[in-house]
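Got a structure for you, written out below as structure tokens; questions coming shortly.
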Ligand SMILES: O=c1[nH]c(=O)c2[nH]c(=O)[nH]c2[nH]1
């Protein structure tokens, strides 16, 4: 009557901090890790037989063991790969390991322009992400990304020409505040030598796509157009990248005419919901399609 289809089990939201001490200079990261294992554990679901199962508590413990084993400073991609490979190589019933890692935005502080040996401050909301899969055939896939990269510009954004009917209240505008929180993931045609450098390149391309040159900027006729421009720039600047997924909520700053005065492009009602939500996958021509994480 019933048939078990896909099944997997893992641990979510395992948080860790890791310090690497290089003399008096210390390097710190904070990571949130999610694991998910595909394995031949059908009997656990259908018969209550847990024989050979890698408990999610064991998976959680392994997150810390593998972090300790990373004796040199490493990226979330290198760590995620080591963790996924550990699960497949250690547990014979595991056919595929999936690992997600998110890096909190701790940045080394500067005091009087000099980088501090061991002091960090949390800067903004931007989280660097990776999704690693590794299977028993040895196939490794590493996707990279960023989430909650909040950006705003006070002008050079408008929205015109859309359909108007009995339900339309929105006026056309050629000047508005544009704000979003960018979530992006990108897939590689081939894995880069240096994940940190590629991250910086893609991040820079995404930001340049939003803002344009420092003097004057670049006009955005819609979040859709800007999203596509950002992805195009990322593909142009990072040749290893095969496709980019972007999700960009339109975080509205609504014109406000305070009591007794008018709206003069100065005061806005800041909102977070409801918000527009725009997303797309942009692929290098002739590349394989990209699925959202
Ligand atoms: O850039 C925009 N894209 C939309 O699809 C949209 N819809 C809307 O109400 N405002 C906007 N702005």
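Is there a residue being crowded, with 18+ Cβ neighbours inside 10 Å and in a helix (DSSP H, G or I) anywhere in segment 88-105?
Taking every residue of segment 88-105 in turn, at least one turns out to be crowded, with 18+ Cβ neighbours inside 10 Å and in a helix (DSSP H, G or I).
Out of segment 200-210, which residues are within 16 Å of the ligand (Cβ to nearest atom) and in contact with a strand residue (DSSP E or B) (Cβ under 7 Å, 6 or more places away or on another chain)?
210 - this is the single residue of segment 200-210 that is within 16 Å of the ligand (Cβ to nearest atom) and in contact with a strand residue (DSSP E or B) (Cβ under 7 Å, 6 or more places away or on another chain).
Something else: Any residue that is more than 30 Å from residue 37 (Cα to Cα) and free of Cβ contacts under 8 Å to residues at least 12 places away in the same chain - is there at least one of those in segment 82-104?
No, segment 82-104 contains no residue that is more than 30 Å from residue 37 (Cα to Cα) and free of Cβ contacts under 8 Å to residues at least 12 places away in the same chain.
Might you check whether a residue that is in contact with a strand residue (DSSP E or B) (Cβ under 7 Å, 6 or more places away or on another chain), in contact (Cβ under 8 Å) with a residue 24 or more places away in the chain and farther than 25 Å from residue 247 by Cα occurs anywhere in segment 146-160?
no
What are the residues in segment 115-139 that are part of a strand (DSSP E or B) and either farther than 18 Å from residue 8 by Cβ or without any contact (Cβ under 8 Å) to a residue 40 or more places away in the chain (or both), if any?
Residues satisfying the conditions are 115, 116, 117, 118, 119, 120, 121, 122, 127, 128, 129, 130.
Still on this structure, I have one more. Going by what's in this entry, would residue 226 be described as under 22 Å from residue 160 (Cβ atoms) and surrounded by 12 or more Cβ atoms within 10 Å (Cβ to Cβ)?
When the stated conditions are applied, residue 226 passes them.
Moving on to the next point. May I ask you to verify whether residue 109 is surrounded by 13 or more Cβ atoms within 10 Å (Cβ to Cβ), closer than 24 Å to residue 10 by Cα and either at pLDDT 95 or above or assigned by TED's automatic domain parsing to the domain that holds residue 43 (or both)?
In short, no.
Please list, ordered by first then second residue, the pairs with beta carbon atoms under 7 Å, 6 or more apart or interchain, first in segment 278-293 and in the same structural domain as residue 251 (by TED's automatic domain parsing), second surrounded by 14 or more Cβ atoms within 10 Å (Cβ to Cβ) and modelled with pLDDT under 90.
Partner pairs satisfying both residue conditions: 281/290; 283/290.
I would also like to ask the following. Is segment 46-63 home to any residue that is in the same structural domain as residue 105 (by TED's automatic domain parsing) and within 13 Å of residue 101 (Cβ to Cβ)?
Looking through segment 46-63, at least one residue is in the same structural domain as residue 105 (by TED's automatic domain parsing) and within 13 Å of residue 101 (Cβ to Cβ).
Please go through segment 240-266 and pick out each residue that is more than 16 Å from the ligand (Cβ to nearest atom), assigned to a loop (DSSP other than H, G, I, E, B) and either under 18 Å from the mean Cα position of the chain (by Cα) or touching a residue at least 12 places away in the same chain (Cβ under 8 Å) (or both).
Listed by number, the residues that qualify are 240, 256, 265.
Would you point out which residue out of 11, 68 is outside any strand (DSSP E or B) and surrounded by fewer than 12 Cβ atoms within 10 Å (Cβ to Cβ)?
68
Any chance you could count how many residues in segment 212-238 are away from the ligand (no atom under 16 Å from the Cβ), part of a loop (DSSP other than H, G, I, E, B) and farther than 16 Å from residue 151 by Cα?
So the answer is 3.
Let me ask something else. Report yes if some residue within segment 169-176 is in a loop (DSSP other than H, G, I, E, B), buried (at least 18 other Cβ atoms within 10 Å of the Cβ) and either in contact with a helix residue (DSSP H, G or I) (Cβ under 8 Å, 6 or more places away or on another chain) or in contact (Cβ under 8 Å) with a residue 24 or more places away in the chain (or both); otherwise report no.
So far as segment 169-176 goes, yes, one or more of its residues are in a loop (DSSP other than H, G, I, E, B), buried (at least 18 other Cβ atoms within 10 Å of the Cβ) and either in contact with a helix residue (DSSP H, G or I) (Cβ under 8 Å, 6 or more places away or on another chain) or in contact (Cβ under 8 Å) with a residue 24 or more places away in the chain (or both).
Given the conditions (1) surrounded by fewer than 14 Cβ atoms within 10 Å (Cβ to Cβ); (2) in contact with a strand residue (DSSP E or B) (Cβ under 7 Å, 6 or more places away or on another chain), which single one is not true for residue 251?
With (1) surrounded by fewer than 14 Cβ atoms within 10 Å (Cβ to Cβ); (2) in contact with a strand residue (DSSP E or B) (Cβ under 7 Å, 6 or more places away or on another chain) applied to residue 251, the lone miss is (1).
Right, something else. As an exercise: evaluate residue 272 against (1) within 16 Å of the ligand (Cβ to nearest atom); (2) at pLDDT 95 or above and give the number of the one condition it does not meet.
Status for residue 272: all satisfied but (2).
The values are calculated or read from the model by the stated rules, or taken from the named source; none is laboratory data. Just so we're clear, the structure is a prediction, and the values are computed from it rather than from any experiment. All Cβ positions, even for glycine, are placed from backbone atoms using ideal geometry, and neighbour counts span all protein chains on display.
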